[in-house]
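Asks: What follows is a single structure, and I will ask about it in a moment.
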Amino acid sequence: MISRLHSAAVNGITGYEVQVEIDVKKVEETGRVAIVGLPDTAVRESVQRVTAALQNSHFFCPGQILATVNLAPADVKKQGPGFDLPIAIGLEMAIQTNYNGLPDAYRRRIPVDVDDWCIVGELALDGAVRGVRGILPQAIAAREAGRKYIMLSPENAAEATVVEGLQAYAVENLREAWDVLLERTAHAVYEEVPGDAEPEGMPDFDEIKGQPYARRAMEVAAAGGHNLLMSGTPGSGKSMLASRLPTILPPMTHEEALEASKIHSVCGLLPKGAGLLRQRPFRSPHHTISDVGLMGGGSNITPGEITLAHHGVLFLDELPEFSRRTLETLRQPLESGKVTISRASGSMDFPCQFMLVAAMNPCPCGYLGDTRHACLCKPADVARYRKKISGPLLDRFDMVIEVPAVEPSSLLRKPDGESSATIRARVTAARVMQQKRYAGTGITCNARLTGKLLRKFCPLTSEQEAILLTAVEQFGLSARAFDRILRVTRTIADLAGRENPADDDLLEAIQFRQFEAQLRGAN
């Protein structure tokens, strides 16, 4: 008799079911366990972990058996230690069925109904069950395959509970797992304890002194999901503003939270004990990051920073210090909302709908235009510095603003700005308007508007068209920048609760773009 169990694995960020088949035969010579089905090193090494765990958990594991473990589908590479637990259980099931010399002390009733179970977990040498990465997409795959229960480590149980229609059983060790399958223990189904949506101690916009223009730009960017570039002298508050952006973003929908959590689950970045991300992701990689680190890839293709920022914010501080080649890779994902990683073995698509927020100094020394510090840079140095940001990449920003230095007198005054909660209420109201307006189109925010939908939902009067054309000619903006001004105009109107944009909405959107002309002037 061949024992069969169901497990799961991850390909990219998508889970798929794996059937674990085990055949056992008694042999006269020293036995062995062979694993087939394109296992990687971690899977092949499970033989030593499984046999030690069985012995240390007081299961019968004779040495004179020939066991073959097949992981189906056999044409997909299997990775990671998550097959330890199903292999151990399946091996013991096969031994009890086929090994005639099994001592009575070790004979147990074979689990006869394991077809409804998905079993995933790494085993320690003493039989303890450890957590693995990517449980959330694996649990989704198990539910889609018709499984009713999933058995896993307590470390992973919170992730599985968010999948409706699937009951999560958290087991501490191999013996407990066996007893649960035998129904000898009425093991409680794991239930996640919801955490706070916003932990205490989060930064707040009411801590920012001065910078009313930049704070307004942040609000508009958050309301429409727009890309924003800030240029300013050192200490003007660019990083401080960016770090507070997540506190004014609207809450994620359940679908958005599920998508983002799948990605973080695969990368092992979900907060401990959390089933879903409670806040939108905020990623801030260092400027020394490689192309692969930003975009994703590697020998075992994994998501990069832009995918980890899906439905959240990617903040690039000191933008010109990033490799130009690395920055240029952002252009296509910013337009399409996905990144395609191609290798000889095939290609894989990762989602990456994120807000790109970047900060830079106006020149290499940082003090160009500062009234209190002299700039020591030569014009050629400034031009070379700004040329690191190409015109096509600059076009991908909806808003390009200058963040001036804060006046010393402002530092002595108490902050007089609004709190993040107050701003977030307006931002959320604007996003709700957008979700109702674009229902059924697949568009979630104004930043994603394209083509006919942009013209339909952001109509301009003839006078407004004349104003926009004049600005485009005066600032030397491209056709792409033309559309981005329209999107920002639509967002400003939403913040004001207007059905159609007013002249002031258009003028403010143009103002958020005019600093781009200065940056292009040095190109």
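The values are calculated or read from the model by the stated rules, or taken from the named source; none is laboratory data. Computed from a prediction, not measured in an experiment: that's the story for all the values here. Glycine also receives a Cβ, built like all others from the backbone with ideal geometry; neighbour counts cover every protein chain displayed.
Asks: Run down 340, 329 and say which single residue is free of Cβ contacts under 8 Å to residues at least 24 places away in the same chain and more than 15 Å from the chain's Cα centre (by Cα).
Replies: The unique qualifying residue is 340.
Asks: OK, next. If you scan segment 57-75, which residues turn out to be crowded, with 18+ Cβ neighbours inside 10 Å and more than 36 Å from the chain's Cα centre (by Cα)?
Replies: 57, 59, 61, 65, 67
Asks: For residue 435, state whether it is modelled with pLDDT of 90 or more and touching a helix residue (DSSP H, G or I) at 6+ places or on another chain (Cβ under 6 Å).
Replies: no
Asks: Being touching a residue at least 40 places away in the same chain (Cβ under 8 Å) and either farther than 21 Å from residue 78 by Cβ or in a strand (DSSP E or B) (or both) is the filter here; which residues of segment 124-149 pass it?
Replies: 125, 126, 127, 128, 129, 130
Asks: Looking only at residues in segment 209-268 that are of a type in the set (Lys, Arg) and either assigned to a loop (DSSP other than H, G, I, E, B) or not assigned by TED's automatic domain parsing to the domain that holds residue 364 (or both), which one is farthest from residue 376 (Cα to Cα)?
Replies: 244
Asks: When residues of segment 342-391 are filtered for being touching an Asp or Glu at 6+ places or on another chain (Cβ under 9 Å) and either basic (Lys, Arg) or at pLDDT below 90 (or both), how many remain?
Replies: Residues that pass the stated criteria total 2.
Asks: I'm trying to understand the selection: among the residues of segment 3-33, which are among the aliphatic types (A, V, I, L, M), under 26 Å from residue 126 (Cα atoms) and modelled with pLDDT under 90?
Replies: Within segment 3-33, 24, 33 qualify.
Asks: Does residue 469 count as over 11 Å from residue 486 (Cβ atoms), aliphatic (A, V, I, L, M) and either assigned by TED's automatic domain parsing to the domain that holds residue 338 or surrounded by 11 or more Cβ atoms within 10 Å (Cβ to Cβ) (or both)?
Replies: Against the criterion (over 11 Å from residue 486 (Cβ atoms), aliphatic (A, V, I, L, M) and either assigned by TED's automatic domain parsing to the domain that holds residue 338 or surrounded by 11 or more Cβ atoms within 10 Å (Cβ to Cβ) (or both)), residue 469 qualifies.
Asks: For residue 402, work out the one condition from (1) more than 18 Å from residue 220 (Cα to Cα); (2) within 30 Å of the chain's Cα centre (by Cα); (3) not in a helix (DSSP H, G or I) it doesn't fulfil.
Replies: (1)
Asks: Considering only residues that are at pLDDT 95 or above and either over 24 Å from residue 257 (Cβ atoms) or acidic (Asp, Glu) (or both), which ones fall in segment 294-317?
Replies: Of everything in segment 294-317, those that are at pLDDT 95 or above and either over 24 Å from residue 257 (Cβ atoms) or acidic (Asp, Glu) (or both) turn out to be 305, 316, 317.
Asks: Please state which one of 62, 86 is more than 30 Å from residue 310 (Cα to Cα), out of contact with any Pro (no Cβ under 8 Å at 6 or more places or on another chain) and at pLDDT 90 or above.
Replies: Residue meeting the stated conditions: 86.
Asks: Applying the selection to segment 488-523, what residues are assigned to a helix (DSSP H, G or I), under 26 Å from residue 386 (Cα atoms) and among the charged types (D, E, K, R)?
Replies: Passing the criteria: 508, 516, 520.
Asks: Right, here's the next one. From 380, 466, 430, 439, which residue is among the aliphatic types (A, V, I, L, M) and in contact (Cβ under 8 Å) with a residue 12 or more places away in the chain?
Replies: Only one candidate qualifies: 430.
Asks: Take the conditions of a type outside the set (Asp, Glu) and in contact with a helix residue (DSSP H, G or I) (Cβ under 9 Å, 6 or more places away or on another chain) and apply them to residue 371. Does it pass?
Replies: Judged against the criteria, residue 371 is not a match.
Asks: What pairs can you find where one residue is in segment 204-217 and under 20 Å from residue 491 (Cβ atoms), the other is of a type in the set (Ser, Thr, Tyr) and surrounded by fewer than 21 Cβ atoms within 10 Å (Cβ to Cβ), and their Cβ atoms are less than 7 Å apart, with a gap of 6+ or different chains?
Replies: 205/247; 205/419
Asks: Only one of 489, 450 is of a type in the set (Ser, Thr, Tyr), within 22 Å of residue 333 (Cβ to Cβ) and not assigned by TED's automatic domain parsing to the domain that holds residue 337; which?
Replies: Within the list 489, 450, the selection yields 450.
Asks: State the number of residues belonging to segment 205-237 that are modelled with pLDDT of 95 or more and out of contact with any Leu (no Cβ under 8 Å at 6 or more places or on another chain).
Replies: Residues that pass the stated criteria total 4.
Asks: Here's a follow-up. In segment 306-324, what residues are farther than 17 Å from residue 279 by Cβ and surrounded by fewer than 24 Cβ atoms within 10 Å (Cβ to Cβ)?
Replies: Those that are farther than 17 Å from residue 279 by Cβ and surrounded by fewer than 24 Cβ atoms within 10 Å (Cβ to Cβ): 317, 318, 319, 320, 321, 322, 323, 324.
Asks: While we're on this one: Among 441, 428, which is the only one that is modelled with pLDDT of 95 or more and under 24 Å from the mean Cα position of the chain (by Cα)?
Replies: Going through 441, 428 in turn, the sole match is 428.
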